[in-house]
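The values are calculated or read from the model by the stated rules, or taken from the named source; none is laboratory data. Predicted model only: the values in this text are computed from it and were never measured. Quick reminder, even Gly has a Cβ in these numbers, built from the backbone with ideal geometry, and neighbours come from all protein chains shown.
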Amino acid sequence: MTKRKQYEKVQEDIKEAVQSGFGVHEKIKAITLKALTERQLDKENIKNVAEAASKGIYEGMTAQSEQAKEVFSHAATALDDALAIAAEASKLAIEEAASKVNEYSHHDLNGATDDLQGMETTFLDSLEKAAKDGNQMVADIIGDFVSHARQSGTAVGKQVLIALDALKALPHLSKETVVSSTVATTITLAQIGSGILSGIAESLQSSKSKK
């Protein structure tokens, strides 16, 4: 499946989940995690999945009326929770790569840390972008949510802060000098992160099915 088709499917699946009005949080969280693991866990994929999910949420919301605010809250927090899990996976990937300093450069590790730092902004910007120039009622609901989230914080934002605090303990990330890569990197940090995220997603699905 091409990238474009994949993200269009994410958008459509999430739209249907929102329109159903039932089990919205679990459905959207599962769809988002699956989408994030289908490609490398890098900045581009995270942004594309967040934007596709946000568009799906917005489109699904236009069919809601009285319960619109409640449904949106479930949908947005599900996307937030999924991105928080992705942030945790990114942190674990950086830590794993840091243990192999002969294979990864200072630039690789700091670039991945910078990408991690921008995840909350990606989440909130994607929601705002989806609602721009659209249905006023839905735009107002999304606008209120985003304004509140920027002040009070989000799940992904909190997870990023936890991750960045933990990564401060890694000595190479605080060094001014660049650690040269002595071995060609065959597995990228994004690939490591994707593998870790897949494992987390599978364990969540497994624990859910046992309930």
(message) Among the residues of segment 68-82, are any touching a helix residue (DSSP H, G or I) at 6+ places or on another chain (Cβ under 9 Å), assigned to a helix (DSSP H, G or I), among the aliphatic types (A, V, I, L, M) and surrounded by fewer than 24 Cβ atoms within 10 Å (Cβ to Cβ)?
(response) yes
(request) Report, by residue number, each residue of segment 131-174 that is β-branched (Val, Ile, Thr) and touching a Leu at 6+ places or on another chain (Cβ under 9 Å). (result) ILE142, VAL146, THR154, VAL156, VAL160
(request) Being of a type outside the set (S, T, N, Q), more than 23 Å from SER90 (Cβ to Cβ) and outside any loop (DSSP other than H, G, I, E, B) is the filter here, so list the residues in segment 131-170 that pass it. (result) ALA131, MET137, VAL138, ALA139, ASP140, ILE141, ILE142, GLY143, ASP144, PHE145, HIS148
(request) Could you look through segment 1-43, keep only residues that are outside any helix (DSSP H, G or I) and within 18 Å of the chain's Cα centre (by Cα), and pick out the one that is surrounded by the most Cβ atoms within 10 Å (Cβ to Cβ)? (result) LEU41
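Across segment 148-178, which residue is modelled with the highest pLDDT among those that are β-branched (Val, Ile, Thr) and surrounded by fewer than 17 Cβ atoms within 10 Å (Cβ to Cβ)?
ILE162
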(message) Exactly one condition in (1) outside any helix (DSSP H, G or I); (2) in contact with a Leu (Cβ under 9 Å, 6 or more places away or on another chain); (3) small (Gly, Ala, Ser) is false for GLY111; which is it?
(response) (1)
(message) Quick check on segment 95-104. Is at least one of its residues assigned to a helix (DSSP H, G or I) and of a type in the set (A, V, I, L, M, F, W, C)?
(response) yes
